[in-house]
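Reading through the structure tokens given below for one structure.
The values are calculated or read from the model by the stated rules, or taken from the named source; none is laboratory data. On a predicted model such as this, the values are computed, not experimentally measured, just so you know. Heads up, the Cβs are rebuilt from the backbone with ideal geometry, glycines too, and the neighbour counts pull from every protein chain shown. Ligands, DNA and RNA are stripped out before the accessible areas are found, and what is left, the full protein with its side chains, is counted by its heavy atoms. Shrake-Rupley method; radii C 1.70, N 1.55, O 1.52, S 1.80 Å.
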Amino acid sequence: MNIRDSIRSGLITFGLILFLNLLGLPRTFGSPTIILFTVIVGLLTLLFLRDRHDRKYDLPSSLLNGAIIGIVAGLMLSLVTFIFARMQADGIQVKNVFAQIFPEHTAALTGISADDVIAGVSVLPGLIKLTGLFMIAGILGGGATRLFTERTQAYRTQLATSSAARWLVLGLPFLFYALFLSLKIEGVDIGGSDENILGLIFIFIFIASALFAIRGANSGRERIVYSIGLIILILILPQLTDLFQNAILGAVAIFIVMGIGLNIVVGYAGLLDLGYVAFFGIGAYSYALLSAPKSYFLVNLPWFGGLTFWTGLPVALLMGVAAGVLLGIPVLRMRGDYLAIVTLGFGEIIRLLMLNLRDYTGGPGGVLNVPSPIVFGADLGNPKGILYLAMLFAIVVAFLTTRLRDSRLGRAWLALREDEDVAQAMGINLVSIKLMAFASGAGFAAVAGALYAARQVNIFPDNFTLLVSIDVLSLIIIGGMGSIEGAVLGSLALIGLPEILRSVNEYRIVAYGALLIIMMILRPEGLLPSARRQRELHSEDETVESASAAD
Amino acid sequence: MALLVVKDVHTYYGKIHALKGLSLTVDEGEIVTLIGANGAGKTTTLRTISGVLKPRDGSVEFDNEDLASFRAHEIVYKGVSMVPEGRGIFSRLTVFENLDLGAYHRDDDDGIKQDFEKVYSLFPRLYERRKQVAGTLSGGEQQMLATGRALMARPRLMLMDEPSMGLAPILVESIFDTIHEINQEGTTILLVEQNAHMALQVAHRGYVLQTGEIVLHDSAESLRENEMVKKAYLGME
Ligand SMILES: Nc1ncnc2c1ncn2[C@@H]1O[C@H](COP(=O)(O)OP(=O)(O)OP(=O)(O)O)[C@@H](O)[C@H]1O
Ligand SMILES: [Mg+2]
């Protein structure tokens with residue numbers, strides 16, 4: 001890491017922060033924004049420095065590089081803010097050009113009041129403070145890098161043998177579970193204003209750390225024991241959570257099902273599908289139209305009493321699979337970019353059909369009063385019931401996917417992803433394995449869709465926009481392509497967190513964008529990638545490491 | 001007994017007429033080589049036989065059966081396997097997984113196991129590296145892998161596209177030894193080569209291809225002595 005790299009990293013950091021500025025984060029949040037930005041600078045510094053592969057650098061140079069990143073980002077932001085402040089003092093309406101830049105925005109960053117900004121009071125002291133803060137954040141980030149690399153080195157060499165560290169990793173999930181439980185105990189106050197949000201955050205961290213613990217287990221048997229333990233704890237969970245928490249966890253679980261399904265298409269077979277929402281929508285509408293009492297579709301058939309959830313589910317599954325094959329056939333010959341565009345179009349076509357075939361689908365009015373699932377006379381049409389069902393689906397889908405992945409078909413998908421021509425020359429029937437990938441991915445999405453329809457009770461074409469496809473794709477990219485744990489983690493981070501942080505919800509797309517860019521640069525394989533993916537993207541590091549280990 | 005009969009085949013890439021009435025035969029148990037300069041159409045010939053390309057005219061018969069109506073992967077089932085140009089290994093899969101994909105269409109587990117042993121004994125290096133990602137193998141090892149993978153299909157006819165390309169002379173020699181050995185064990189081989197010198201030593205017969213047409217066809221010994229071959233392909237005046 002030399003100075004030029006640090007300056008460049010500083011500029012990237014500044015770019016991200018400027019982006020958030022132009023979107024109006026400071027004006028929405030007020031002065032806490034500075035804290036948020038400072039944290040971002042620290043984290044980015046950590047990421048930038050950590051991934052430069054140079055473990056030989058000593059502490060002072062890490063601190064120096066961190067300071068440079070912070071100062072560059074801080075100075076640039078100060079410069080821009082200073083210009084804005086001058087213009088605002090001169091009565092120029094900056095907001096006519098940048099819709100979110102008001103005097104309040106400048107005020108939030110500099111710590112003086114909006115009136116003072118307009119009156120032309122000098123913002124310099126505030127800006128110096130800001131730059132100083134960023135510099136400190138950079139230094140802290142740089143210092144943390146050292147901890148990080150030393151820890152990872154220790155991890156590589158010792159963790160496997162040091163039982164203390166291992167037990168810590170394995171024990172963390174239980175700690176977070178306990179923290180969550182303690183929120184339930186009368187009289188214990190952990191100090192959150194919104195207890196159920198705090199509880200959810202503990203649950204998320206609990207699940208995330210459990211995933212890492214499972215990944216860190218050093219034998220297959222240990223992994224199975226921890227997986228079962230995690231599943232049991234999670235099955236108890238809905239009994240302890242409230243309506244609000246269950247509703248959010250239900251959405252997370254439905255997206256996990258979709259993430260695992262899309263993983264087959266994109267992660268295993270390497271077919272970039274941007275219209276995945278189509279199958280989700282087809283599943284939802286298939287069930288809804290055949291079951292809702294005032295369904296526009298079948299209202300004229302007196303002998304047809306409507307399907308229940310359990311008879312509708314297989315129909316939705318079949319419709320999804322059929323749609324998968326139907327989309328698969330015309331795109332068999334397409335590769336890469338073309339495939340992405342055609343699938344994108346397919347997703348939109350399905351939504352437009354829902355919207356415009358009024359006589360059949362109800363058009364923009366949607367389908368109302370979709371019946372809820374009934375199990376042994378118990379109505380599961382409540383957040384807890386839906387959550388249980390969604391978890392059940394996720395477990396089944398995860399199991400099936402693992403079996404598929406380890407089968408010959410799974411191997412053939414990997415070959416397909418690598419080189420179509422050679423795969424064919426190996427005797428692989430490209431047509432059938434591509435269709436299998438599309439069909440199984442689509443089937444899983446359709447099942448998720450049927451459950452989603454039951455959860456929402458009323459569904460509308462607007463529930464099935466391109467945004468859903470983007471959500472699912474982003475969650476598997478960020479979680480880690482080709483890995484089931486990755487889909488869980490991605491869904492927690494991209495579906496669960498934004499639901500909690502309602503106020504940030506508007507910035508979700510921005511956050512996705514920023515997160516995706518950072519991930520692509522620094523950790524292209526995602527947070528919890530399949531072992532194979534990791535190997536693919538870091539085979540160079542590995543060879544270097546094993547070479548130096550051999551010395 | 002002719003195992004493969006290619007009759008008057010015309011293959012096109014769009015408007016480019018790449019094979020202009022090419023005919024050749026390969027008998028059971030033979031090694032036949034196809035030599036020619038860059039762009040002569042050697043790879044195109046192999047791709048036509050393996051069904052990846054379909055000829056516009058003419059026929060390809062394998063074991064007295066016209067292959068026209070079969071797709072590429074079905075032709076593999078019939079017993080034709082390929083060592084592609086540039087090896088075409090799956091670089092992100094392990095050595096073992098690559099080999100296993102070679103037997104993709106088979107379900108005789110015992111036979112597959114035997115063939116694994118056969119390949120590993122032919123290439124002990126592959127056994128040592130069976131868990132390694134194929135992309136990190138050396139060029140010579142990758143060639144072994146591509147050859148081993150083609151063997152895993154238990155082919156009757158093996159198509160090899162320039163197996164010596166980019167290898168050090170000493171490795172080239174061992175590749176040709178292996179080709180000989182595979183043939184001795186009963187696999188018929190159609191070998192495409194630019195290294196005419198080595199190819200004509202290991203092969204029984206040879207064809208010379210020029211811009212999509214066979215211009216010469218003879219036993220390997222006679223071709224080695226042929227003035228035109230000497231000049232154009234063996235670098236002798
Ligand atoms: N995909 C393609 N599209 C268009 N033309 C092609 C294509 N592949 C090959 N050709 C053309 O067909 C002719 C024969 O090519 P081929 O690859 O069979 O040559 P080759 O004998 O294998 O050469 P080399 O020794 O360089 O591998 C060449 O003129 C080439 O430019
Ligand atoms: Mg060629």
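In the range B:16-33, is there at least one residue being open to solvent by less than 50 Å² (accessible area, probe 1.4 Å) and either within 14 Å of another protein chain (Cβ to nearest Cβ) or within 24 Å of A:Val431 (Cα to Cα) (or both)? Checking the range B:16-33: not a single residue is open to solvent by less than 50 Å² (accessible area, probe 1.4 Å) and either within 14 Å of another protein chain (Cβ to nearest Cβ) or within 24 Å of A:Val431 (Cα to Cα) (or both).
Within the range A:92-109, one or more residues are under 14 Å from A:Gly74 (Cβ atoms), in the same structural domain as A:Gly42 (by TED's automatic domain parsing) and modelled with pLDDT of 85 or more. With respect to B:Leu145, determine if the residue is away from ligand 2 (no atom under 16 Å from the Cβ), buried (at least 24 other Cβ atoms within 10 Å of the Cβ) and under 18 Å from B:His180 (Cα atoms). Yes.
Which residue is nearest to A:Gly259 (Cα to Cα), if the candidates are limited to the range A:401-424 and must be more than 12 Å from chain B (Cβ to nearest Cβ) and touching a residue at least 24 places away in the same chain (Cβ under 8 Å)? Even if it seems obvious, please write down each step before you answer.
Initial filter on the range A:401-424 (more than 12 Å from chain B (Cβ to nearest Cβ)): A:401-405.
Imposing the further condition that a residue be touching a residue at least 24 places away in the same chain (Cβ under 8 Å) reduces the set to A:401-402, A:404-405.
Details: A:Thr401: 11, A:Thr402: 14, A:Leu404: 15, A:Arg405: 15 Å.
Here the answer is A:Thr401.
Within the range B:1-22, residues that are closer than 11 Å to B:Pro55 by Cα sit with their Cβ atoms under 8 Å from residues that are surrounded by fewer than 16 Cβ atoms within 10 Å (Cβ to Cβ) and of a type in the set (Val, Ile, Thr), at 6+ positions apart or across chains, in these pairs: B:Lys20/B:Thr211. In summary, helices (runs of 4 or more DSSP H) completely within the range B:156-237 and bearing 1 or more residues that are open to solvent by 10 Å² or more (accessible area, probe 1.4 Å), more than 16 Å from ligand 2 (Cβ to nearest atom) and within 22 Å of B:Gly29 (Cα to Cα) occur at B:169-184, B:196-202, B:220-225.
Kindly indicate the residue of the range A:487-513 that is in a helix (DSSP H, G or I), at pLDDT below 70 and of a type outside the set (Lys, Arg) and also surrounded by the fewest Cβ atoms within 10 Å (Cβ to Cβ) among those meeting that condition.
Initial filter on the range A:487-513 (in a helix (DSSP H, G or I)): A:487-500, A:502-513.
Pick out the ones that are also at pLDDT below 70 and you get A:502-511.
Restricting the remaining residues to those that are of a type outside the set (Lys, Arg) gives A:503-507, A:509-511.
Details: A:Ser503: 9, A:Val504: 15, A:Asn505: 13, A:Glu506: 14, A:Tyr507: 18, A:Ile509: 15, A:Val510: 16, A:Ala511: 19.
Out of the qualifying residues, it is A:Ser503.
Please tell me if B:Leu22 is away from ligand 2 (no atom under 13 Å from the Cβ) and not acidic (Asp, Glu). Considered against the rule, which asks whether it is away from ligand 2 (no atom under 13 Å from the Cβ) and not acidic (Asp, Glu), B:Leu22 comes out as yes.
When B:Ala199, B:Ala220, B:Ala203 are checked against the criterion of being within 16 Å of ligand 1 (Cβ to nearest atom), in contact (Cβ under 8 Å) with a residue 12 or more places away in the chain and within 25 Å of B:Ile49 (Cα to Cα), B:Ala199 stands alone in meeting it.
Determine, yes or no, whether B:Leu34 is assigned to a helix (DSSP H, G or I) and among the aliphatic types (A, V, I, L, M). Outline the logic, then answer.
Working: assigned to a helix (DSSP H, G or I): no; among the aliphatic types (A, V, I, L, M): yes.
Against the criterion (assigned to a helix (DSSP H, G or I) and among the aliphatic types (A, V, I, L, M)), B:Leu34 does not qualify.
The residues of the range B:3-41 that are small (Gly, Ala, Ser), more than 7 Å from ligand 1 (Cβ to nearest atom) and within 22 Å of B:Ala72 (Cβ to Cβ) amount to a single one, B:Ser23.
On the given criteria, is A:Leu327 open to solvent by less than 40 Å² (accessible area, probe 1.4 Å), without any contact (Cβ under 8 Å) to a residue 60 or more places away in the chain, closer than 30 Å to A:Ala269 by Cα and within 28 Å of the chain's Cα centre (by Cα)? Working first, answer last.
Details: open to solvent by less than 40 Å² (accessible area, probe 1.4 Å): yes; without any contact (Cβ under 8 Å) to a residue 60 or more places away in the chain: no; closer than 30 Å to A:Ala269 by Cα: yes; within 28 Å of the chain's Cα centre (by Cα): yes.
Judged against the criteria, A:Leu327 is not a match.
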